[in-house]
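A.B. asks: Input: one structure, supplied below.
Laboratory data are not the source of any read-out in this text; all were calculated from the coordinates shown. Keep in mind the model is a prediction, meaning the values are calculated, not measured. Glycine gets a Cβ as well: all are built from the backbone with ideal geometry, and neighbour counts include every protein chain shown.
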Amino acid sequence: MSALPAAAVTGEFRKIDAEPGGLLELHRYVRVPKNSRVTAGVARVRIRAAAAGTYAFDLGFSDIATVFLNGRPIFRGDASYSVDRPRREGLIGFDQARLYLPLVSGDNDLSILVSDVFGGWGIMGRFPGAQGLTIEAR
């Protein structure tokens, strides 16, 4: 996917609080359309960086996540449950992916398109050592 769907850019968003451990259980807030096995949602945050630079970001997700920074795709990961090729349990944790985000000074838009086809559905993210960053849900 080379760009976020138009509805993800212009659509209405609501703020949802994550669990104390950082997990946002999307299946609690987003309904799967009737007669569909696949659903998707977009999590967005604004990152205000005091200085331009490359910042580590730990990402956990289920099932598939595509990360967009300032409108450009920078990562896609598939953590769908699988019994082989390779075996994946479908568990969500901060150790699933570490991205190095090239942030500009000032405001940056981080959008993560997450889709699900089976079981639980969620996302979690953190900036380890996030000095100089202010993060705001969008």
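A.B. asks: Output wanted: per-residue J couplings in Hz (rounded whole) for the stretch 61-71, from phi through Karplus 6.51 cos²θ - 1.76 cosθ + 1.60, θ = phi - 60°, x for Gly and Pro.
C.D. replies: Values, residue by residue: 6, 7, 9, 10, 10, 10, 9, 10, 10, 6, x Hz.
A.B. asks: Right, here's the next one. Tell me which residues come under 5 Å, amide H to amide H, from N108 once H is placed; ignore anything under 5 positions away on its chain.
C.D. replies: Correct list: I47, R48, A49.
A.B. asks: Something else now. Magnitude of the Cβ-charge dipole of the stretch 6-137, K/R +1 and D/E -1, about the Cα centre, nearest 20 debye?
C.D. replies: 240 debye
A.B. asks: So what are the ³J(HN,Hα) numbers for the stretch 20-31, from phi and the Karplus equation (6.51, -1.76, 1.60; θ = phi - 60°), rounded to whole Hz, Gly and Pro as x?
C.D. replies: So the J values, rounded to whole Hz, are x, x, x, 7, 10, 7, 5, 5, 7, 10, 10, 7.
A.B. asks: So who's got an amide H within less than 5 Å of the one on T39, skipping anything under 5 residues away but keeping other chains? H placed 1.01 Å off N, in plane.
C.D. replies: D116
A.B. asks: I'd like to compare 128-137, 94-103, 61-70: which one has the highest average count of other Cβ atoms within 10 Å, and what's the full order after that?
C.D. replies: Numbers: 128-137: 12.3, 94-103: 16.1, 61-70: 22.1.
With the highest mean Cβ count within 10 Å placed first, the list reads 61-70, 94-103, 128-137.
A.B. asks: Further, regarding this structure: Please list 44-50, 120-126, 31-37, 19-25 highest first by mean number of surrounding beta-carbon atoms within 10 Å per residue.
C.D. replies: Details: 44-50: 15.9, 120-126: 19.7, 31-37: 8.3, 19-25: 13.6.
Packing proxy ranking, top to bottom: 120-126, 44-50, 19-25, 31-37.
A.B. asks: Same structure, new question: Need the full-extension length gain, N35 to I16, defined as separation in residues times 0.36 nm minus the C-alpha distance. One decimal, nm.
C.D. replies: 4.2 nm
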